[in-house]
Amino acid sequence: MDRLNDLPIRAVNGAVIYVRDVAHVRDGNPPQTNIVRVDGRRAILMSIMKTGSSSTLDIIKGVQDKIAGMRGSCRRN
C-alpha cells in the first residue's frame with residue numbers, strides 16, 4: 001500500500017505531484033459496530049451512494065443484477 005502513495009499523478013511546471021500530496025492510501029476498514037438482522041436472521045447492509053450524473057434507475061438495475069448473481073454463491077445458515 002505504501003508504494004501507491006509514491007505514484008506520480010502529473011507534472012506541473014517541472015514539479016511532480018504524487019498521490020501522497022493529495023491523499024493517503026491505506027489498507028483498512030473501520031471496525032464493525034452493528035449487526036443487521038431480517039426476520040431474526042443475520043443479513044447484510046449495503047450503503048450505496050449515487051454520484052455525479054448517474055441514473056438512479058441504472059444504479060438500481062445494476063445492484064439488482066449483482067445481487068441476483070451472488071445469490072447462488074451465498075452460504076445459508
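The values are calculated or read from the model by the stated rules, or taken from the named source; none is laboratory data. The structure presented is a predicted model; accordingly, all values stated were derived computationally and were not measured. In this analysis, Cβ positions are derived from the backbone assuming ideal geometry, glycine residues included, and neighbour counts consider all displayed protein chains. For accessibility, only protein heavy atoms count, side chains too; no ligands or nucleic acids. Shrake-Rupley method; radii C 1.70, N 1.55, O 1.52, S 1.80 Å.
Once the Kirkwood radius over Cα pairs is known for the chain, the Stokes-Einstein relation at 10 °C and 1.306 mPa s delivers a diffusion coefficient of 93 µm²/s. Residues whose amide H falls under 5 Å from that of Ile9, counting only those 5 or more places apart or on a different chain, are Ile17, Tyr18, Val19, with hydrogens built in the peptide plane.
Surface analysis of the chain yields an accessible area of 97 Å² per residue, using protein heavy atoms and a 1.4 Å probe. Were the residues from Arg42 through Asp21 laid out at 0.36 nm apart, the gain over their Cα-Cα distance would be 3.4 nm.
Note the angle between two axes, namely the Cα long axis of helix 56-71 and the longest principal axis of the Cα atoms of the chain, as a number of degrees from 0 to 90, rounded to the nearest 10. Helix 56-71 and the main axis of the chain meet at about 60 degrees. Measuring gaps between exposed loop sites in the chain (trypsin sites (Lys or Arg not before Pro); DSSP loop; at most 11 other Cβ atoms within 10 Å), the longest gap, sites not included, is 1-25. Per atom type, the chain shows carbon and sulfur on 53% of its accessible surface, probed at 1.4 Å. About its Cα centre, the dipole of the chain is roughly 480 debye, where the only charges are +1 on Lys and Arg Cβ and -1 on Asp and Glu Cβ.
Over all other residues within a Cβ to Cβ distance under 13 Å of Tyr18, the charged ones net out to 0, with Lys and Arg as +1 and Asp and Glu as -1.
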